[in-house]
Number of protein chains: 2
Amino acid sequence: MTVPTGRRERKKAATRQKIADTALRLFLDRGYDAVGIREVAAEADVAVTTLFSHFACKEALVFEQGEDFEQRLAAAVTDRAPDEPLIPALRGEIQALVRHCTADSTAPVWRMIDATPALRAYEESMRQRCARTLAAAIAADPALSRTETASRTIARFVIDAYALARESDAPEATVDEVFSMIEAAWEAAAPSRRT
Amino acid sequence: MTVPTGRRERKKAATRQKIADTALRLFLDRGYDAVGIREVAAEADVAVTTLFSHFACKEALVFEQGEDFEQRLAAAVTDRAPDEPLIPALRGEIQALVRHCTADSTAPVWRMIDATPALRAYEESMRQRCARTLAAAIAADPALSRTETASRTIARFVIDAYALARESDAPEATVDEVFSMIEAAWEAAAPSRRT
DNA sequence: TTCTAAAAAGCTAACCGTTAGTGTTACGGT
DNA sequence: ACCGTAACACTAACGGTTAGCTTTTTAGAA
């Protein structure tokens, strides 16, 4: 509850960071598949079991940064101005995420992810969790008044926009094009107004 | 090209079938995670390496039947009557697939899949391949005249409909609801007609 | 029929990610 | 100063997967 600044937690965070940094360096250097867990642990000077107490699996080492994805999308729904429409808010957030993936500093990592089936699959599973969180946030907003199914559907569509943009040559234009389709789908799911 | 009825290919198919049958029986009996590859191979009376020459991984053993998924969806696009609209044709196909998953004969398998993270993930990867094939089929039909991006988008949306229906309590109703949203998205992607 | 090339299946032995079991240290609160 | 516990380490294994190599089976030519 106090701001987490015990020596203990600082050391823990440092260990975690050192593992992630070491892993990413080795992976980018020699390829994800060519570097084994035992080697990462040795290079970071920790036991293999310690590594796995910080990260659930090998793939998770790569996604250390940018884990907040999930929170950010949900926040884009819950924290928007009371009269701000949903879809543009989500489009803005997706655009920001896409820009982050294509930024110079992170681009090599994303290129590695795209080139590695295991990492693509892991990212996909993260996206699914993300879609569920987003669906819950949408369904929870009474102002939107859509079906459970419609909420889940739109959430998946939004995640699709991100996935399609990541695969695209012109990510930002792709986001816009997909979102114009999402907008239409969202309107089509509106409750009929003559009650 | 001749109907494949050499002794060789019959024996090979038989071996494959025996492995798949044995695996499914053991999995349904005692749980997917509780049965190891070595045990499946022993029970089917083949070497482990033989098993892996027929199936790419453990998960693939479960999806032996219903692999045609991919072809069927693409066929629903390419084989439809010249003036039949795309979306209803796809909805019909998805409905058929969903019904197949809930049929009494296959329901236990799908229940096992839903209960096993590894199998859910594998199914998701199959869906992605499927979406790509479907996107190609849609993009290849000049009568539809949509963008590459629009084709890919609709393909993903259609696959989403299937995924959402599988997770739903009322699969057929879910398919209909999602498809009404897809229909709107599809129309919104139509090329503007005043050229 | 007999022979041969190749496909299919087998065996061994390992690699790699991951985990259980069991200590050992270092820290935080008392 | 002391105790409970969180963090880390060590060993040893398990389960999926593959490489390397040998043996069996089959298709088709001679």
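The values are calculated or read from the model by the stated rules, or taken from the named source; none is laboratory data. Everything numeric in this text was worked out from a predicted model, so none of it was measured. Every residue, glycine as well, gets a Cβ built from its backbone with ideal geometry; the counts of neighbours run over all protein chains shown.
Among the residues of the range A:18-54, just one is surrounded by 14 or more Cβ atoms within 10 Å (Cβ to Cβ), of a type outside the set (A, V, I, L, M) and not in a helix (DSSP H, G or I), namely A:Tyr32. Of B:Ala47, B:Ala23, B:Ala56, B:Ala41, all but one fail to be within 13 Å of DNA strand D (Cβ to nearest atom) and within 14 Å of chain A (Cβ to nearest Cβ); the exception is B:Ala56. Which of the residues spanning the range A:37-51 are near DNA strand C (Cβ under 8 Å from one of its atoms), closer than 22 Å to A:Pro108 by Cα and of a type in the set (D, E, K, R)? The answer is A:Glu39, and nothing else.
Candidates in the range A:148-195 are the residues that are buried (at least 18 other Cβ atoms within 10 Å of the Cβ) and not in a helix (DSSP H, G or I); of these, the one that is nearest to the other protein chains (Cβ to nearest Cβ) is A:Ala189.
Conditions tested, residue by residue: (1) touching a residue at least 40 places away in the same chain (Cβ under 8 Å); (2) within 15 Å of DNA strand C (Cβ to nearest atom).
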site	(1), (2)
B:Glu9	no, yes
B:Ala13	no, yes
B:Asp21	no, yes
B:Val35	no, no
B:Ser53	no, yes
B:Ala81	no, no
B:Ile87	yes, no
B:Ile94	yes, no
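Might you let me know whether the range B:103-114 holds any residue that is modelled with pLDDT of 95 or more, within 15 Å of DNA strand D (Cβ to nearest atom) and more than 14 Å from chain A (Cβ to nearest Cβ)? Within the range B:103-114, one or more residues are modelled with pLDDT of 95 or more, within 15 Å of DNA strand D (Cβ to nearest atom) and more than 14 Å from chain A (Cβ to nearest Cβ). Please indicate, with yes or no, whether at least one residue in the range A:69-83 is under 30 Å from B:Leu119 (Cα atoms) and either within 16 Å of DNA strand D (Cβ to nearest atom) or of a type in the set (S, T, N, Q) (or both). Checked the range A:69-83: at least one residue is under 30 Å from B:Leu119 (Cα atoms) and either within 16 Å of DNA strand D (Cβ to nearest atom) or of a type in the set (S, T, N, Q) (or both).
Here are A:Ala118, A:Ala137: which of them is more than 8 Å from chain B (Cβ to nearest Cβ), closer than 25 Å to B:Ser125 by Cα, in a helix (DSSP H, G or I) and out of contact with any Pro (no Cβ under 7 Å at 6 or more places or on another chain)? Of the residues listed, the single one that is more than 8 Å from chain B (Cβ to nearest Cβ), closer than 25 Å to B:Ser125 by Cα, in a helix (DSSP H, G or I) and out of contact with any Pro (no Cβ under 7 Å at 6 or more places or on another chain) is A:Ala118.
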